[in-house]
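Bear in mind that the values in this text are calculations on the coordinates, not laboratory data. These figures come from a predicted structure and were not determined experimentally.
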Amino acid sequence: MKRHILSGAMLLGATLAFAAPAAAQGSGSATIDTIKSRGMLVCGVSTGVAGFSLADSKGVVQGIDADTCRAVAAAVLGDVSKIRFVPLNTTNRFTALQAGEIDLLVRSTTWTLGREANLGLLFAGINFYDGTGFMVKSASGVKSVKELDGATVCVQPGTSTELAIADYFRLNKLKFTPVLIQDQNEIQNTYLAGRCDSYSTDASGLAAFRFQQGPKAEEQVLLPEIISKEPLGMMVRKGDDKFFDVVRWTLFAMLQAEESGVTSKNVDEMLKSTNPDIRRLLGAEGDLGKAMGVDNKFAVSIIKGVGNYAEMWDRTVAPLGIPRGINNLWNKGGLHYPPPIR
Ligand SMILES: N[C@@H](CCC(=O)N[C@@H](CS)C(=O)NCC(=O)O)C(=O)O
């Protein structure tokens, strides 16, 4: 009898000993713990691209990159407003993430092998499938990149655009002179002033630039060639798998919500759904959020805060006139294919 009591006490002691360090360790993710203790997600975005991350008249940063950041804030903290945006250019974006100045980078950044192998960083997903394009003045009469032999091309340094153009011109035995300008306003003004024959960046960035020209948009034309693959995504530091999981499954949850017809408007109703896929997505069943170190209802917070992927798209990039195209779901001819949430 005594032995039983002792072993019971020992068992209790063992449980406490196990529980105490586990509590001190928090979620098992240094990044998630930092975000929770700070009460805020710090997210790196661009210095301002319409549709991606651009402050509106009230100073609220709008766009698909900004909303992807907000979705992660919702997943970790249950609140899309607990966020601070850090504007970064094309060259300081990676060092900011490496140095821990930001928790997450969502900044029209292309997923490449070199960036993962060399920088100690990795991509958690693709929130926008893009490609490199070329803008020229309508008045130039240029109709194809092939007519740009010997041209000057304005491009931002440290970008995959720079590399894609060099490859394309070399492959096609054409010459060009890159005009490297870091600052976005400066590069656009330089191009508008006629000091470059063409301005090259992600086609989405060119659509945003054209859109921002307002009534003068007609003076700019996007050439038909899209010369590279630019999968733009969310980047985190290597070595924090739990936070990586949360970022990756945040996007997948938004895509799955679209696929399952769950929206910011009907999410409360959908919580009562009998569909097992929807029940698991919304945490009405299972412990999937908890397994990642966040709330089981993380997807509900995301969907209430920023909507499903289609809602985010319609609010941010659709007004630029960018068709959904390859950014559609896999069952609508696109490339977005969220793995099973189970
Ligand atoms: N996706 C390319 C290009 C990134 C890039 O230069 N994006 C431009 C156009 S979308 C941009 O962010 N401009 C705003 C800025 O420089 O802050 C990369 O990862 O290198």
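Worth a mention:
- Alpha-carbon centroids, the range 254-276 and the range 225-248: separation in whole Å: 25
- Shown in residue order for the range 71-78 are the 3J(HN,Hα) couplings computed by the Karplus curve 6.51 cos²θ - 1.76 cosθ + 1.60 at θ = phi - 60°: 4, 5, 4, 5, 5, 7, 10, x Hz (x for Gly and Pro).
- Separation between Cα centres of the range 184-198 and the range 69-135, rounded to whole Å: 26
- Beta bridges by DSSP in the chain, antiparallel share as percent, to the nearest 5: 60
- Distant-in-sequence amide H partners of V61 (H built 1.01 Å from N, under 5 Å): D56
- Sorted largest first, extent of the chain alpha carbons per principal axis (Å): 95, 41, 40
- Within the chain, helix-based [θ] at 222 nm, where runs of 4 or more DSSP H residues each add -39,500 (n - 2.57), nearest 500: -12500 deg cm²/dmol
- DSSP-defined antiparallel bridges as percent of all bridges, the range 132-228, nearest 5: 50
- Close amide H partners of R84, meaning residues 5 or more places away or on another chain with modelled amide H under 5 Å apart, are L41, V42, C43.
- Each residue of the range 109-125 was assigned a 3J(HN,Hα) from its phi angle through the Karplus curve 6.51 cos²θ - 1.76 cosθ + 1.60 (θ = phi - 60°); the sequence is 9, 7, 6, 9, 4, x, 5, 7, 6, 9, 9, x, 10, 8, 8, 9, x Hz, with glycine and proline shown as x.
- Convex hull per residue volume in Å³, alpha carbons only, for the range 132-228: 83
- 5 angstrom amide H check on T109, placed H, neighbours 5+ away: G233
- Set of lysines with alpha-carbon distance to K304 below 17 Å, sequence-local pairs under 8 removed: K82, K265, K272
- Taking all Cα pairs closer than 8 Å and separated by 6 or more residues, the relative contact order of the range 132-228 comes to 50 percent.
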